[in-house]
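Participant: Have a look at this one before I ask anything.
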Amino acid sequence: MYNALMASIKINRQHFYHNLNQIALQTGSVESIAIVLKDNAYGHGLKLIAKLASEFGVKHAVVSKTSEAREIDGLFETVLILCDSMVKEEKYTFAINSLDDIAHTQKGVNVELKVDTGMHRNGIHIDELDEALLRIKEQGLTLKGVMTHYRSADELSSELFWQQKRFDEVKKRVVKAGFASVRFHSHNSATILRVKSFTEDLVRVGIGAYGYNELPKAYDRVLLKPVLSLHVKRVASRHLKAGERVGYGGDFRASKPMLVSTYDLGYGDGWCRGQSHTPYITEDGFKILGRVSMDFITLESKEEEICVMRDAQKAAKQLGTISYEVTTALSTEIPRSIIEQK
Ligand SMILES: *Cc1c(COP(=O)(O)O)cnc(C)c1O
């Protein structure tokens, strides 16, 4: 049978578990980890990562949409849905991003109230807290959690601390209002990797679980291991004479005779097109020659398979972006498989 050429993604189980272990050391237990699986698990593969996380013992998941929750809910005790219309479902909790959300939600739905403590993206204003709690009661919603999100936990500043202070105030007021069994959570990866003590119920960990510590080098940093690597297969090879050019616009010009090959990856697969005058160089030292096409790149190589990326943070530096964007952009069509490797 014809075997379609296709780039592939390998997911390193040991590296993923190493990262989850490091997070669990910070929180004190695996039970308090909620794995963030939005956007195809940051491009790593929703179902695959959900399965691995569940096998590791992770009990809670966070996604963006209900459709994502439906694919993985069998594996977790709770699934927090960050931004979708709310339905009544035992395992699901829905983030309330505004006062309007409360009015539009039917009785009995599980909700987690997001409070804006300074990021000014989603969540009710801190001054609206009492009103929100009252409306949640009146509307008959089940308040399962109260959360906030920090805007600069990964920056060398004291900003995180005033936001945390505000959230402490929120917690007191929620308890005082008579909500007893509410889970409180505010930490993302940068926060849990930064703080020395953890006293909340849950940490919402995304990028750290996938192997990237985004804290500046100045911090005493926990070593994490990239989970994803991206591999390409050779499509065709040719000899270039000195002076011949490669690809659209002929941006690359061979200064000497060379053997080049195309490989099955392009911006159609979610690989960043970048700039041909500052070409991407793989970790094994292969430079992308000329422009990235929709489905192909050209490298000076005749190897059958090449690893284009094994560290999205390093790749992101070259491409002028962040690890999150590099992995999340990778097409869902690229086959993903698990590898076992220390
Ligand atoms: C995406 C997201 C996270 C995870 O952030 P990381 O930096 O990847 O750990 C946590 N909380 C919320 C609300 C998010 O949207």
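Read-outs throughout are calculated quantities, based only on the coordinates presented, and are distinct from any laboratory measurement. Here the structure is a predicted model, which is why all the values come from computation and not from measurement. Cβ sites come from the backbone with ideal geometry, for glycine too, and all protein chains shown count toward neighbours.
Participant: Of Ala242, His277, Ser261, which is farthest towards the positive pole of the stretch 225-278's charge dipole, taken about the Cα centre with +1 and -1 on the beta-carbons of Lys, Arg and Asp, Glu respectively?
Facilitator: Ala242
Participant: Which whole-angstrom value gives the distance between the alpha carbon centres of the stretch 127-145 and the stretch 256-275?
Facilitator: When both Cα centres are located, 53 Å separates them.
Participant: Under a straight-distance cross-link criterion of Cα-Cα below 13 Å, which aspartates and glutamates are reachable from Lys217, leaving out those fewer than 8 residues away in the same chain?
Facilitator: Asp154, Glu155
Participant: Here's something else I'd like to know. So if a site counts as exposed when it's one of the chymotrypsin sites (Phe, Trp or Tyr not before Pro), its DSSP state isn't H, G, I, E or B, and it has at most 13 other Cβ atoms within 10 Å, what's the longest stretch of the chain without one?
Facilitator: The segment 3-218 is the longest one with no such site.
Participant: Determine, from the Cβ-Cβ distance of Lys165 and Val30 and an R0 of 45 Å, the FRET efficiency 1/(1 + (r/R0)^6), rounded to the nearest 0.05.
Facilitator: 0.95
Participant: As an exercise, find the ratio Rg/Rh for the chain from alpha-carbon atoms, using the Kirkwood inverse-distance average for Rh.
Facilitator: Rg divided by Rh gives 1.05.
Participant: Output the 0 to 90 degree angle, nearest 10, between the alpha-carbon long axis of helix 159-176 and the longest principal axis computed from the alpha carbons of the chain.
Facilitator: 40 degrees
Participant: If I take the Cα coordinates of the stretch 13-205 and project them onto the principal axes, what are the three extents in Å, biggest first?
Facilitator: 47, 39, 27
Participant: Work out the FRET efficiency for Asp220 and Asn122 from their Cβ-Cβ distance, taking R0 = 30 Å, and round it to the nearest 0.05.
Facilitator: 0.45
Participant: Holding the Cα-Cα limit at 20 Å, pick out from Lys107/Lys137; Lys59/Lys91; Lys233/Lys342; Lys65/Lys88 the pairs that are longer than that.
Facilitator: With Cα atoms farther than 20 Å apart: Lys233/Lys342.
Participant: Further question on the same structure: Where the centroid of each part is defined by its Cα atoms, how far is the stretch 162-207 from the stretch 1-61 in Å?
Facilitator: 23 Å
Participant: Still on this structure, please answer the following. Pull out the extension gain between Arg273 and Asp251, defined as 0.36 nm times the separation in residues minus the alpha carbon to alpha carbon distance; nm, one decimal.
Facilitator: This chain segment gains 6.6 nm when fully extended.
Participant: Hey, another quick one. Starting from the Cα of Arg173, step 7 Å along the direction of its Cβ; do the same at Lys342; then give the gap between the two resulting points in nm.
Facilitator: 5.2 nm
Participant: Let me ask another. Return the distance in nm (one decimal) between the two label points of a simple spin-label model at Met6 and Ser293, each offset 7 Å from Cα along Cα→Cβ.
Facilitator: The two pseudo-label positions are separated by 2.0 nm.
Participant: Right, another one. Nearest 10 degrees, 0 to 90: what angle lies between the long axis of helix 13-27 and the longest principal axis of the chain (Cα atoms)?
Facilitator: Once rounded, one gets 30 degrees.
Participant: Which percent, nearest 5, of DSSP beta bridges in the chain are antiparallel?
Facilitator: Looking only at bridges with both residues in the chain, the antiparallel portion is about 40 percent.
Participant: Additional query: Given the rule -39500 (n - 2.57) for each run of at least 4 DSSP H residues, summed and divided by the residues of the chain, what is its mean residue ellipticity at 222 nm, to the nearest 500 deg cm²/dmol?
Facilitator: One gets -7500 deg cm²/dmol as the mean residue ellipticity at 222 nm.
Participant: Grab the beta carbon distance between Ser181 and Glu333, set R0 = 51 Å, and tell me the FRET efficiency rounded to 0.05.
Facilitator: 0.75
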